[in-house]
Amino acid sequence: MPFLPLAWLAAHSLCPPSFAQEVRRHPDRADTVRLTLGGTADLDAVYRSAPLARARSAIAGAESGAIEAMASVRLTADLTAEAQAGLLLRTERIPVGSPGLGEDGQPVRLREAWIRADQLFHESVSVTFGAQPFAFDLRENGSAFFFDPYNAESWFPEVNALLPVSAPDTSQPAGAVLRWRTANAELGLAFLTLREGGPSRNDEIAYVSTATQRIGEASRAGLLAAVMTAPGPRTRLATFGAGLSYRELKDGLELYGEAYVQRGSAGVTFVGGDQFELKAKGIGYQFGARVEDDPWWVEVNFTSLSGDDSAEDGEEKRFLSYENVNDLLILESNWYGLDLDNNYAALKAAAGYAWDRRLTLKVAWGRFTLNEKAPHLPAPPPRIGKLGREIDVMLSFAWTTQISIHAGAGVLEGSELLQAVFQDDRAVVAVFGTRIQF
């Protein structure tokens with residue numbers, strides 16, 4: 001895998017571009033309008049200090065120093081003016097040379113295989129069948145606060161979990177999505193199997209309805225209702241939420257907020273040999289402001305995700321989600337850090353600057369605390385409340401339209417969580433990598 005970028009560059013230099021080659025249509029498939037082939041290759045050298053590496057190793061097998069790679073290839077076919085199909089093959093993001101990989105290298109997964117019919121029964125209606133991404137991304141910035149299972153792990157293992165960290169992973173949404181779109185509004189209905197468990201009672205499934213409305217020139221409001229099921233008895237979790245991204249006060253200023261409540265059942269627990277239903281009572285919300293004045297930007301955010309202080313009270317108060325928030329490298333990142341999912345409050349600030357739109361700098365800071373102090377840790381103190389203060393610096397350079405280079409580092413200090421478990425309240429991560437896309 002480390003040689004994939006070099007191989008791609010060699011192939012790109014030796015072969016004429018696609019638009020310079022003759023394209024022939026099969027006589028039996030003359031209606032096909034267009035075929036599009038694309039892909040990405042990511043290669044990162046990552047260093048994690050001992051406490052972070054040990055924490056990641058416990059949940060994901062990460063190492064203190066590793067080369068981590070991931071590549072994907074996408075094929076999209078415009079079959080007719082109203083029908084499109086797509087395939088996406090992607091490798092797992094695994095450290096190169098990890099034990100057990102063998103001679104075959106990283107495993108390859110079929111991440112997408114779908115077909116979409118537009119203008120179905122009505123010019124505003126489309127239906128997509130198959131393995132596909134589906135997210136409620138109110139701000140349209142690739143950072144879904146509650147629902148993006150394509151880029152998030154299952155919520156089910158977090159039920160009655162002792163700590164708010166989880167192994168980085170992604171779900172595999174597959175099913176049917178119906179969309180009704182106009183110039184300013186969109187309704188979405190999704191029936192998605194996220195993890196196949198054999199019999200239907202063992203599947204992880206999401207039934208989701210969303211509605212978004214454009215307001216003015218650039219603002220957007222949204223509503224969500226979702227029911228999520230998972231293996232096991234009495235596991236049916238309902239979530240209701242609403243949000244607003246408002247940009248009408250002043251050019252370059254965005255005010256935003258989202259809030260969600262959860263009810264239903266998160267499964268069962270056993271106390272003293274008796275079985276009890278876990279009643280879901282999670283709450284999650286965020287609000288913030290962002291100012292952009294090219295070439296710089298500044299953003300401030302407050303996030304709160306509820307937690308649970310007892311595994312024996314018949315209630316599940318953690319906010320359980322398929323979030324895809326990766327603002328900070330250590331505490332939030334799915335690939336580099338601990339990927340916090342619930343039970344924390346965070347005040348975050350970030351600023352960025354771009355030189356000639358090719359070289360960009362981002363500085364981010366966050367202060368994190370547990371909403372419910374964590375019980376039953378293996379080392380004193382018996383309960384902890386501070387997750388720590390983190391500061392990150394990230395530099396990105398767009399070498400060409402196809403190749404970018406990035407480098408950055410993050411430092412976490414004053415973490416009672418790491419101190420309690422690993423006897424060190426400080427963690428460091430550093431990354432240097434490249435992305436190739438075509």
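The values are calculated or read from the model by the stated rules, or taken from the named source; none is laboratory data. If you're wondering where the values come from, they're calculated on a predicted model, not measured in any experiment. Don't worry about glycine lacking a Cβ; one is built from the backbone with ideal geometry, like all the others, and counts go over all protein chains shown.
Exactly one residue out of N301, N324, N334 is surrounded by fewer than 23 Cβ atoms within 10 Å (Cβ to Cβ) and at pLDDT 95 or above: that is N301. Those strands (runs of 3 or more DSSP E) of segment 223-280 in which 3 or more residues are polar (S, T, N, Q) occupy 235-246, 253-271.
Being of a type outside the set (D, E), at pLDDT 95 or above and over 25 Å from R367 (Cα atoms) is true for just one of Y246, Y285. Which residue is that? Answer to the check: Y246.
Residues of segment 230-276 that are touching a helix residue (DSSP H, G or I) at 6+ places or on another chain (Cβ under 9 Å), surrounded by fewer than 18 Cβ atoms within 10 Å (Cβ to Cβ) and small (G, A, S): G232 alone.
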